[in-house]
């Protein structure tokens, strides 16, 4: 999976979850913390949605592994870091 | 001696309808004949106080046998065709004789070779009182064999009261079903046993035999609504529908009341360990209810209902006593209080803990079932590495619908009705709800 595809999946999922097709969601959009577009339960939903979107493309991946949770820099910080993390996992 | 008052009433009503079974109507004369047959049979084959199991569905013979067991002072262990673990239960209830009916009503008499010796059984035998052992299903662990002294229950029925033509919906081994049956028999009412407990068959049966009372479960009421079986059959003879044994979704209650405003909806509350309590609903479409009656005391501690009853069990045969030193029983039911009324929120075991916040499946199910094209929703917890657990839902649709569309529809609908952590994260579309033979939802 290339970066563009991964970004697209994450952006679509965010737009879908916040239910706003016209929202300005891009690589820099923050997913975690004070300026995030989703709250914590929103992030949980988002992760599940992304996992099922990936599964539709035949990538059976768990995003919330112990590895993801214990990294010093969370892969869930932004749309871009999450997309990078997806690429990392799909290539593993 | 124990049931003289019931037999006297039979004798006064010999030609009245008693049991509707297998498309035939049996009168009290017939029940009395079968009762006398069984009493002789028990006297010949069992000792007073011995433990006798019966596997059956309700039919004129099994009903008469139950009465004969009481009269003969036996300890009765009812099994239904839904029981899968009879062998194990025969051991834990120390069953000495086993009368096994097939579905046509033919029976076998089996000596198990067991000799009952449990101290609670001996205690009851010394009192020379008849007993009954019912198994408490419990969502976890082994079923517990609960021993009741029958005379407590019989005393309740000595005062004559009016009865309605009633369907036996609960299975033969259900404590609530036994209560209903004895109530009707002691007031020489009419008991109807439908062949099959499906919404269509039951509605047809109600129409054909002018049934007035249907004691059932919320799941079954919902199945009646979904199947629209009430359009095919006239169920206007029904006066009362009682529901219990599991949580009633508010949406089902309101929908049913809207369709059938003349049918009284009555919530019942009973526990294998305590008996069936008198309840009074605030109104027909309300889940607020008063529970108790003169034989029960209730208290709520940390939102959990505790009950103290005059007619509680002697104890379990295969587990420690469930009562505290003062005789209180922890029901495990979470409730809300409003003056004298309480509202059941769910079983403590069913609560989903989402990041420390509590979610009751019934509340979420009730919202989901208001959504267009959703016929049935079963909510349960699913492990999640971030929140510990999240809410998941299995949905039965009216017509096919793509999962993604359904998911976003559910989120939109729930947004202003439920807190964010209660909105299902995982949605699955199921072919059919998992409903047990007792018409209760099966959560996983």
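Can you tell which of B:78, B:218, B:402 shows the greatest fluctuation in a Gaussian network model of chain B with Cα springs below 10 Å?
B:402
Which of B:339, B:398, B:292 moves the most in a Gaussian network model of chain B with Cα springs under 10 Å?
Ranking B:339, B:398, B:292 by mean-square fluctuation puts B:339 first.
Give me a single rounded figure for B:384-392: the average over its residues of other chain Cβ atoms within 10 Å of their Cβ.
Averaged over the peptide's residues, the number is 4.
So what are the three principal axis dimensions of the stretch A:3-91 from its Cα atoms, in whole Å, longest to shortest?
31, 29, 22
How much mean residue ellipticity at 222 nm does chain B get from its helices, if each DSSP H run of length 4 or more adds -39500 (n - 2.57) and you divide by all residues, to the nearest 500 deg cm²/dmol?
-8500 deg cm²/dmol
Among B:354, B:159, B:390, whose mean-square fluctuation peaks in a Gaussian network model of chain B (Cα, cutoff 10 Å)?
B:159
Quick check: pseudo-label points 7 Å beyond the Cα along Cα→Cβ at residue B:321 and residue A:56, how many nm apart are they?
The modelled label-to-label distance comes out at 6.1 nm.
Roughly what % of Cα-Cα distances in the protein assembly as shown sit above 38 Å, to the whole percent?
When all Cα pairs of the protein assembly as shown are counted, 39 percent exceed 38 Å.
Can you give the mean number of other chain Cβ atoms that lie within 10 Å of the Cβ atoms in peptide A:41-49?
Mean number of neighbouring Cβ atoms from other chains: 6.
Apply 1/(1 + (r/R0)^6) to the Cβ-Cβ distance of residue B:11 and residue B:122, taking R0 = 41 Å, and write down the FRET efficiency to the nearest 0.05.
The value I calculate is 0.75.
Kindly express, to the nearest 10 degrees and within the range 0 to 90, the angle between helix B:218-227's C-alpha long axis and the longest C-alpha principal axis of chain B.
70
Taking the DSSP beta bridges in the stretch B:4-156 as the whole, what percent of them are antiparallel, to the nearest 5?
Antiparallel bridges make up about 60 percent of those DSSP assigns within the stretch B:4-156.
With 10 angstrom as the radius, rank B:316, B:183 by how many other C-beta atoms surround their C-beta, starting from the fewest.
The fewest-first ordering by Cβ neighbours comes to B:183, B:316.
Can you tell me the 0 to 90 degree angle between the C-alpha axis of helix B:175-186 and the longest principal axis of chain B, rounded to 10?
The answer is roughly 50 degrees.
Determine the gain in length on full extension of the stretch residue B:24-residue B:400; use 0.36 nm per residue of separation and subtract their C-alpha separation, reporting nm with one decimal.
131.2 nm
Please report, in Å, the Rg and the Dmax of the stretch B:325-389, where both are computed over Cα atoms only.
Cα radius of gyration and Dmax of the stretch B:325-389 are 15.1, 51 Å respectively.
What ratio of Cα Rg to 2.2 N^0.38 Å holds for the stretch B:4-156?
1.05
Pop the C-beta distance of residue A:77 and residue A:5 into the FRET formula with R0 = 30 Å and round what comes out to the nearest 0.05.
E between residue A:77 and residue A:5, to the nearest 0.05, is 0.90.
When Cβ neighbours within 10 Å are restricted to other protein chains, what is their mean count per residue of peptide B:420-426?
4
So for each of B:200-206, B:165-171 I average, over its residues, the number of other beta carbons within 10 Å; can you give me the resulting order with the highest mean first?
So the peptides B:200-206, B:165-171, ranked by packing, come out B:165-171, B:200-206.
With 10 angstrom as the radius, rank B:79, B:260 by how many other C-beta atoms surround their C-beta, starting from the fewest.
Result, fewest neighbours first: B:260, B:79.
If you project the alpha carbons of chain B onto the principal axes, what extent comes out on each, in Å, largest first?
68, 51, 41
We did not get these values from a lab; they are worked out from the coordinates using the rules stated. Bear in mind that the values here come from a model prediction, so they are computed numbers and not experimental data. Neighbour counts are summed over all protein chains in view; Cβ atoms, including those assigned to glycine, are modelled from backbone coordinates with ideal geometry.
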